[in-house]
Amino acid sequence: MCGDRQVCLREDACSPVGDMLSPALSLMVPHFIRSASFEKYIVAYFDDVCSQEDVPSPFNITVRYRLMKQFEELFFRILDTEKHEPGRVNHIEGLSEDEYYLCPSGRALRDAIEAFHAYQLENPRWFEDELLESSAVKRTSAEIYMETNENCHFRVHPSVSQALAENKPVVALESTIITHGMPYPHNLSTAKEVEAIVRAEGATPATVGIIEGEVHVGLSSEELDHLARCKSSLKVSRRDLPYVVSKGLSGGTTVSATMIAAHRAGIPVFVTGGIGGVHRDGENSLDISADLTELGRTPIAVVSAGVKSILDIGRTLEFLETQGVCVATYGALKNFPAFFSPQSGFTSPYQVSDPEEAAELIASTLSLGLQSGVLLAVPIPDEHAAVGQEIEEAIQAAVTEASLNLSHADDFGAFSEDSLSRLGRRPLFISATGDDSHSDGVFNYCKHMNTSGVARLEEQSTATYCVVIAESGEMSLGLGDMDIHQQITEQYVSQFEKQLSSATLVCLDGNIPVSTIDYVCSIASRHNIIVWYEPTDPEKACKPFLSDSWKSLSYSSPNLAELCTMNKTLGLPTPEVLPSSFEEVLSVAVALSRPLLEHLHCLVVTLGANGLLVCGEHDAASVNLQPRKQKRRRQLCALHYPALTVTAEETMNVSGAGDSLAGALMVGILQHKDTDSCVRMGLLAARLSLASPHPIAPTLTLDSVDPNKFQAEHWPKPSFMWIN
């Protein structure tokens, strides 16, 4: 290291990256022969514990400063100025040899220098004793260099390195619970609590995470906080490791990635909540967690509460057997736990009763050289079993219900298409899906529909929409991935121009790109085609109104928020806050509808539990829903229809009621029915949807929405109002 042969210290053997100074020195030395290096490099050394002769010979070209005698001069040099100038001597208070130790950090530095100097006097051979040649461990410099390169992306926390070197227990922990399992700050407090539990049992916690492309085995408090706050963290499995590291990204490690890092660092035990497994219907989708294959090829003991209960536990255990993974339940019984529940209905091949038996099983697994792991399944403690069972029952109920329902739809347009198809129409559905399992489900469900216009695109994900329905049936949260709708381009839709130009009615929704909406509206304008626009949500309601395309629309069915967006996009005044009272709601809806009716034939404003407001041309004390042959000056009016009664107990969901209403209205209009009949068909279809677990009720037929099948006195009379 000091200009002669490389020396190997005991500390290098304990460090996962070995000796870093020597490789760094080899990179720097070629620069020292250049004249510019005189200004580029500075050497400082503590003359109380070493001398100028100890400075490595390659640094002889550089300026050297003695610490702490010349610390102030060094500081001025870094600032590119001089302490001594003509006629004056510069001084920075607190940096001189006589002052630096007056602050806490300086005092700590002086104490450390004095302590090390005293240690040198007591142990004159301390350096020789640190050399690997005088210890039981011997490695060549070439071996150290190889290990340095092998582990260049791995960083082991000093507390973990020390515990491993001293053969003390270390427990690896994953970090996806931090990055993806909980919101901040609950994720951080949980991570710290888990680490504290490990420490309380006499072991060293080693939370694994990836920070800026480096795999950290063991995280400092600052690194834990960084991962907990980071909003761009990725979920990193074996598959993702190369990409995340190469791009310098951060992420939480799954079970499989944590196993890889822990095994690399020499940690034999890893504790987690529940491992992944074979997903339900995995025999068809082949959706199998990488956790299982990792257990089959990485020799490490994984301690968990079993397999997440939403998975197919039976097939998971079968797959683990195929992978050669030893599985044992910890406790008196062989019952394999299901995370929240101590019982899953399946049993483990083996069982260990106490820590000693568990330790022996782990030791034998690792000593046999099988290159596969062992899974220890620990049931939920008895004191938490009752609450766990309640959660488990809720999960099973949800899984059962989901197996009966369509769980994904590629488009809100699919709901309208579904409604029209069940009511005797068979419109051409133009959309796009991915070439994935979700797409299989969509096409299987939509066999009664004309899906010949749906593109199935490789390397794309089918649009998915996850909805949380409150007990009242109202949607409390919706999360969607609708990116594939951007593939429904003008170019793609243009191949159906012949069908569009000859259609009786075209229904557009707000999911498709603005350019595609503009294209369809231009065709409708040229061929005098009726266009119904379903806004989908307030943010997308604006799309046709960004240009003159909206003037080609005939009908639209917005809610009040979407109607506000339409007006706002046109630069028209809108209320800052939506009204709450029924009278104000009607008044605002009428006022916002008026400017749009300059070009639209009719607006159907959906008002939720308050029913709907039909606005358009006055005709015999009603609104004329039938499309007009030619534009003319007309008298405008509105009709308010109350909603049909659906109790909270009867309400299953509200996600398809609007599409059911619109679909039935369209069918009524195409059948040239009067306005009351059209609206009543829509209200009956919406009621069927509200009472069904499906967005569009499978029982929806023309017969089921025939208003004549219901007694006339049961229909509330609509309220009439003029629109000025």
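The values are calculated or read from the model by the stated rules, or taken from the named source; none is laboratory data. As the structure is a computational prediction, the values presented were derived from the model and not from experiment. Here Cβ is always computed from backbone atoms with ideal geometry, including for glycine, and neighbour counts include all displayed protein chains. These area figures cover heavy atoms from the full protein model, side chains too; ligands, DNA and RNA do not enter into them. Shrake-Rupley method; radii C 1.70, N 1.55, O 1.52, S 1.80 Å.
Things worth noting here:
- Surface share of carbon and sulfur [accessible, 1.4 angstrom probe, percent] for the stretch 554-722: 53 percent
- Nearest-20 debye value, the stretch 603-709 charge dipole, Cβ charges on Lys, Arg, Asp, Glu: 660 debye
- In terms of the mean number of neighbouring beta-carbon atoms within 10 Å, the peptides 165-174, 560-569 order highest first as 560-569, 165-174.
- Placing unit charges on each Cβ (+1 for Lys and Arg, -1 for Asp and Glu) gives the stretch 554-722 a dipole about its Cα centre, and among Gly608, Asn559, Leu597 the Cα reaching farthest toward its positive end belongs to Leu597.
- Accessible area per residue, Å², the stretch 554-722 with all protein chains present, probe 1.4 Å: 45 Å²
- With R₀ fixed at 30 Å, the C-beta to C-beta distance from Asn167 to Gln52 puts the FRET efficiency at about 0.15.
- Beta bridges per DSSP with both ends in the stretch 154-398, % antiparallel, nearest 5: 25 percent
- Extension gain, Leu95 back to Phe127 (0.36 nm per residue minus Cα-Cα distance, nm): 8.5 nm
- Efficiency of FRET from Cβ geometry, Ala359 and Ser105, R₀ 56 Å, rounded to 0.05: 0.80
- Per-peptide average of other Cβ atoms within 10 Å, ordering 99-105, 272-278 highest first: 272-278, 99-105
- Relative contact order of the stretch 154-398, taken over Cα pairs closer than 8 Å and 6 or more residues apart, is 16 percent.
- Gained length - Glu497 relative to His180, 0.36 nm times residue gap less alpha-carbon distance: 109.6 nm
- Sequence ranges 586-592, 612-618, ranked by mean other-Cβ count within 10 angstrom, highest first: 612-618, 586-592
- Inter-label distance, Thr574 to Ile197: 4.9 nm, where each label sits 7 Å from its Cα along the C-beta direction.
- Derived scalar couplings between HN and Hα for the stretch 552-565 equal 8, 6, 9, 9, 8, 10, x, 8, 5, 5, 5, 5, 4, 4 Hz in order, rounded to whole Hz, by the Karplus curve 6.51 cos²θ - 1.76 cosθ + 1.60 (θ = phi - 60°), x for Gly and Pro.
- Rounded accessible area per residue of the stretch 154-398, 1.4 Å, Å²: 48 Å²
- With contacts taken as Cα pairs under 8 Å and at least 6 residues apart, the stretch 554-722 reaches a relative contact order of 19 percent.
- Here the accessible area of the stretch 299-394 is 58 percent carbon and sulfur, with a 1.4 angstrom probe and all protein chains present.
- Measuring r between the beta carbons of Arg633 and Ser461 and using R0 = 60 Å, the FRET efficiency lands at 0.75.
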